[in-house]
Amino acid sequence: MTVVSSNSAPALVTEIAQAAAILEAGGLVAFPTETVYGLGADAENPDAVAAIYAAKGRPSDHPVIVHLAPEADIGYWASDIAPQARQLIAAFWPGPLTLILRRAPGIPAAVSGGQDTVGLRCPSHPVAQALLRAFKGGRGGIAAPSANKFGHVSPTTAAHVREEFGLAEAAHAPAAIAVLDGGQSEVGIESTIVDLSRMASVGPVLLRPGQISAARIAEVIGLMPAAIDARAPRASGTLDAHYAPHTPVALLAGAALASTLQDLHAAGRSVALAHLQALPAISPCVRSAIAMPSAVDAYAHDLYAALRQLDGAGADLIVFETPPADSHWQGVNDRLRRAAHDSQGVLSRLSARVSP
């Protein structure tokens, strides 16, 4: 893996130019955004986009998001652009909001998983913006899902990207990946995704919650986004199971935390714990514990790093004390629910006492 680090401003300018050249040559570049790190390729080069799918092990029908520079012409990428899209762009771009629009005829279907829609966003991270402005003179788009193996925990640091692909690269020899290091992602969870491709028939639809809430979107366009429906376009990060570590994950209400840890200890299990409430004592079964922030933005910022740290504890189970259920926490709760989806029933199985 080729690694590009940002140690000084002059060096960073050179490194961004090198990364842009790699993209223009059809290569892959992992780069920071304010949400998570993305694994980028030229959105108009189907072979380069296919290299993203191969590196991630991503199904070819699962769309990726195209990242654009602030000055980009959205009309080049999308057609039938609703007025509400322009309103949301004015309110939230650059920022953690992805819009699903009708794909323009000249844009390859590879970025959309074969659909007639395309996901577009303009990131606010300065390194991402500099890369987008350098790539094709600011006129190109970078297709970029999160820079991790498909379905795994998204990376929020360059180190996470290197950990994710380093061993796999040696084993399977995928295309080299350049990594631009822009520090830790500020938001920490992926962008909000809103479908505006069916405004005339359905209206706006929230496909994936994020930092920008449905209520804030409604304040701008005067319409509350509907919940995802069966005919909605496929979009990044919307599968039931996603953002998952290797260790099983269980979500547990705070009131049940102490008694459940006691049961797991009696069953001879080990636990990696993320908790919100102050614990009077840590159960002997807890191998690693992280106190999560009580503020939602700080919690989201820390979430994926916590998942990765707890996954490395070697415990039988990761337990997350469930955060509040109000709308401000929708994005965080969405990611936790998907991380735990394939672990349903694991808590009761592991709580069963081990026979002597």
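For the range 269-286, a tally of residues being in a strand (DSSP E or B), touching a residue at least 40 places away in the same chain (Cβ under 8 Å) and under 15 Å from residue 314 (Cα atoms) returns 4. For the range 73-82, the condition of being modelled with pLDDT of 95 or more, closer than 30 Å to residue 223 by Cα, β-branched (Val, Ile, Thr) and touching a Ser or Thr at 6+ places or on another chain (Cβ under 9 Å) holds for none of the residues.
Taking the criterion of being under 17 Å from residue 146 (Cβ atoms) and at pLDDT below 95, would at least one residue in the range 1-13 satisfy it?
Yes, the range 1-13 contains a residue that is under 17 Å from residue 146 (Cβ atoms) and at pLDDT below 95.
Quick check, is residue 219 touching a Lys or Arg at 6+ places or on another chain (Cβ under 9 Å) and in a helix (DSSP H, G or I)?
It is false that residue 219 is touching a Lys or Arg at 6+ places or on another chain (Cβ under 9 Å) and in a helix (DSSP H, G or I).
When the range 20-59 is examined, which residues are found to be polar (S, T, N, Q) and under 18 Å from the mean Cα position of the chain (by Cα)? Of everything in the range 20-59, those that are polar (S, T, N, Q) and under 18 Å from the mean Cα position of the chain (by Cα) turn out to be 33, 35. When 256, 230, 235, 226 are checked against the criterion of being free of Cβ contacts under 8 Å to residues at least 24 places away in the same chain, within 27 Å of residue 113 (Cβ to Cβ) and among the hydrophobic types (A, V, I, L, M, F, W, C), a single residue qualifies: 230. The set of residues in the range 249-268 being within 15 Å of residue 316 (Cβ to Cβ) and in a strand (DSSP E or B) consists of 249, 250, 252.
For every residue, the table says whether it meets (1) surrounded by fewer than 21 Cβ atoms within 10 Å (Cβ to Cβ); (2) closer than 27 Å to residue 215 by Cα.
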site	(1), (2)
259	yes, no
273	no, no
278	yes, no
284	yes, no
334	yes, yes
351	yes, no
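The values are calculated or read from the model by the stated rules, or taken from the named source; none is laboratory data. Please read these numbers as outputs of a predicted model, since none were measured by experiment. Backbone-built Cβ (ideal geometry, glycine too); neighbour counts: all protein chains shown.
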